[in-house]
Amino acid sequence: MADHLTSWVLALVQTALFVAGAPLLAGWLKRVKCRLQNRRGPRLTQPYRDLLRLFRKELLLPEGSSWVFRAAPYVIFGAIVLAAAVVPLIALRLPTSAIADVIVLVGFFALARFFLALAGMDVGTAFGGMGASREMTVASLAEPALLMAVFTLAMSAGTTDLSVAIQRILSSGLVIRPSFVFALLGLLLVAVAETGRIPVDNPATHLELTMIHEAMVLEYSGRHLALMEWAAQIKFMIYAALIANIFLPWGIAVGFGFGALALGAAAVAVKLALLAALLAVSETLLAKMRLFAAPQFLGFAYLLCLLGMLSHVILEVGG
Amino acid sequence: MNALQGLDLTRQLILLLAALVLFSSFAMLAQSRLVGLVRVFAWQGVLLAVTTGLVAYASGHTHLYASAVLTFFLKGLLIPWILHRMVLRLGLESARESDAYRTPVQLAGAGLVVFSYYVALPVVQLSALFTRNTIAVSLAVVLLGMLLMISRHKAVSQVVGFMSIENGLFFAAVVATYGMPMVVELGVAFDVLVAAILFGVVFLQIRASIDTLDVDRLNRLSESEP
């Protein structure tokens, strides 16, 4: 019984870590990127200050907005936090990850995206509708690739439960799986597209021609905007944690001992920092591409994930 | 997961390289610039050479080392260099194939992989070699080379597709029977080399007569037709 309670407390702590750590990861990414571009970056705590400032600011609702506009930030934030609860960050075998599997995780993302697009269209401005239509275009191409990567993982591990799957990968030791190489590459491309980073979307711009995510949240202010930004940061961290823990699961805590948990936290911190640094490098090297090139980019991601699945079937199972 | 764990690291690496060879075929389908296409083709040759070397190491067939070295110099360096020089000489550095049907062609390629898996399945069940699973991959490389030839209009791309078919056949020989006899291998290698040089001459002839390398234009009988 006590063990049961510990695991639930740990699950809550882990989710809280996601929520609390996401701005830090965003700050780290920004700092590394600034350093690479020979600029002095903001402090690591700057995203927290930004969120705090937004929470204190006055809330302005645009004329003619309905309840959808007001409810969307809470729905999106809630869906993303629930998604965060499913993903193992520092420990495996937590009760929350046993309740929902990785397909539900994709579902949470879809729910958040649906409300984001609705909120964008609700006000009736040109930007909101444009951003929503672009977001849905990107999403409709990214989601099949994401699911294909997920299926590759599920087929290799024999389960869609993330926690169990990671445990099986961990216990099988160092095995070079061609399917995982492809799934990793595909998932990296999908993550870039889904979290609105360069080269698909530029999160730091308010230039009307190029923006996707910013166009939809343009009308938001105050605590609504804070929730939206925070949810985007958590979503980024979920993708980073997924990639880090599925493909490099070493270090994650299997037991609930203090030492194992500390090691798990340290390992995941290092992995996330490295992954964010890698993204900063790629964002510095690449330029944003035209919106109409995005379908080809995502088509390539889908192809990679599909090849991952095929090479699993052909090379790893057969014979 | 289960079948893979029984293999040692070298054999796992061979499977990974086989997957990368397959990926390079898809990269060729995705590449629209001719110079890029030749570069990817060179990478496929290098990957093929490394795979052959590893198969030689894992299976203990020393004559495969010779084919690995031959493949590296011929398909990784010499033929791509000839093709690259030809592209430069014909002034096609910035030439692109049209982007139409890019994604459907790639998806058709994925379909071909599934098809070759289905076709190779009975062969795989009869074979006892540890490389047997890659037979389907080599067949897929052959079919993808054909797809490249069919879907492109420029003569240079079609030659690269043809060379890629040869890569697939060589790969099939290595993984299905640990290579052909040395005489055959040498003969085929030099045939390919001669073909690469001959194609160069043909390119020049085609261009001299119809002033383009777009082979669709060969169907037209006279200049007056639009």
> In a solvent-free Debye calculation with one equal scatterer on each Cα, what is log10 I(q)/I(0) for region A:25-169 at q = 0.09 Å⁻¹, listed in the order of the q values?
Replying inline: -0.43
>> Bins of 5 Å, beginning at zero and ending with the bin holding the largest distance: percent of Cα pairs per bin for region A:8-108, please.
In response: 2, 11, 14, 15, 16, 15, 14, 9, 3, 0
> When you count, for each residue, the other Cβ atoms within 10 Å and take the mean per peptide, how do B:43-55, A:292-304 rank with the highest first?
Replying inline: B:43-55, A:292-304
>> What distance in nm lies between label points placed 7 Å from Cα along the C-beta direction at A:VAL13 and B:GLN125?
In response: 5.4
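As an exercise, identify the GluC sites (Glu not before Pro) in region A:47-142 lying in DSSP coil whose Cβ has no more than 14 other Cβ atoms within 10 Å. List each step's numbers first, then the result.
Values: sites: A:GLU58, A:GLU63, A:GLU135; in loops: A:GLU58, A:GLU63.
Those satisfying the criteria are A:GLU58, A:GLU63.
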> Rounded to two decimals, what is Rg over Rh for region B:1-143 when you use alpha-carbon atoms and the Kirkwood radius?
Replying inline: 1.02
> Which is farthest toward the positive dipole end of region B:56-151 among B:VAL119, B:LEU77, B:ALA108, measuring Cα position about the Cα centre, with Cβ charges +1 (Lys, Arg) and -1 (Asp, Glu)?
Replying inline: B:LEU77
> Once you average over the residues of A:169-175, how many Cβ atoms of partner chains fall within 10 Å of each Cβ?
Replying inline: 2
>> Please list log₁₀ I(q)/I(0) at q = 0.12, 0.17 Å⁻¹ for region B:1-71, using the Debye equation with identical point scatterers on the alpha-carbon positions.
In response: -0.39, -0.68
>> Taking just the alpha-carbon atoms of the protein assembly as shown, what radius of gyration and Dmax come out, in angstrom?
In response: 26.4, 89
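Over 31 Å between C-alpha atoms is what I'm after, so list which of A:LYS288/B:LYS75; A:LYS33/B:LYS75; A:LYS33/A:LYS57; A:LYS33/A:LYS235 land there. The partial results should precede the final answer.
On the way: A:LYS288/B:LYS75 35 Å; A:LYS33/B:LYS75 40 Å; A:LYS33/A:LYS57 28 Å; A:LYS33/A:LYS235 19 Å.
Going by Cα-Cα distance, A:LYS288/B:LYS75; A:LYS33/B:LYS75 fall outside the 31 Å limit.
What is the packing order of peptides A:185-197, B:111-123, taking the mean over residues of other C-beta atoms within 10 Å and listing the highest first? List each step's numbers first, then the result.
Working: A:185-197: 22.9, B:111-123: 16.3.
So the peptides A:185-197, B:111-123, ranked by packing, come out A:185-197, B:111-123.
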> Where does each of A:HIS206, A:HIS312 land when they are ranked from fewest to most other beta-carbon atoms within 10 angstrom?
Replying inline: A:HIS206, A:HIS312
>> Run the simple label-point estimate for A:ARG53 and A:GLN37 please: 7 Å along Cα→C-beta, distance reported in nm.
In response: 1.8
>> Past the 26 angstrom mark, what percentage of all C-alpha to C-alpha distances in chain A do you count?
In response: 47
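For region A:273-316, what ratio Rg/Rh do Cα atoms give with a Kirkwood hydrodynamic radius? Can you show the working numbers first?
Numbers: Rg = 14.5 Å, Rh = 12.7 Å.
For region A:273-316, the value is 1.14.
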> Taking the simple approach of a point 7 Å from Cα along Cα-to-Cβ for both B:ARG217 and B:MET149, what is their distance in nm?
Replying inline: 2.3
>> Output needed: percent of Cα pairs per 5 Å distance bin for region B:104-226, bins running from 0 to the one holding the longest distance.
In response: 2, 10, 15, 17, 16, 14, 11, 7, 4, 2, 1, 0, 0
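Among B:131-141, A:112-122, what's the highest-first ranking by average C-beta atoms within 10 angstrom per residue?
On the way: B:131-141: 26.9, A:112-122: 22.1.
For the peptides B:131-141, A:112-122, the packing ranking is B:131-141, A:112-122.
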> ³J(HN,Hα) across region A:57-73 via Karplus (A = 6.51, B = -1.76, C = 1.60, θ = phi - 60°), whole Hz, x for Gly/Pro?
Replying inline: 6, 5, 8, 10, 9, x, 5, x, 7, 9, 5, 4, 4, 6, 7, 4, x
> Suppose every K and R has +1 on its Cβ and every D and E has -1 on its Cβ; what is the size of the dipole of chain A about the Cα centre, in Debye to the nearest 20?
Replying inline: 1020
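Going by how many other Cβ atoms sit within 10 Å of their own, how do B:MET180, B:MET163 line up, fewest first? Show your work: numbers first, answer last.
Values: B:MET180 17, B:MET163 24.
The most exposed by this proxy come first: B:MET180, B:MET163.
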>> Give me the inter-chain shielding for B:8-16: mean count of other chain Cβ atoms within 10 Å, whole number please.
In response: 4
>> Through the Karplus equation 6.51 cos²θ - 1.76 cosθ + 1.60, θ set to phi - 60°, convert the phi angles of region B:119-131 into ³J(HN,Hα) values in whole Hz; use x for Gly and Pro.
In response: 5, 7, 3, x, 5, 4, 5, 7, 7, 10, 6, 6, 8
>> I'd like the FRET efficiency for A:ALA204 and B:ILE210, computed as 1/(1 + (r/R0)^6) with the beta carbon distance as r and R0 of 60 Å, rounded to 0.05.
In response: 0.75
> If we count other beta carbons within 10 Å of each Cβ, what is the order of B:TRP81, A:TRP230, fewest first?
Replying inline: B:TRP81, A:TRP230
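Laboratory data are not the source of any read-out in this text; all were calculated from the coordinates shown. All values reported here derive from a predicted model rather than from experimental measurement. Reconstructed Cβ throughout: ideal geometry from the backbone, glycine too, with neighbour counts over all protein chains shown.
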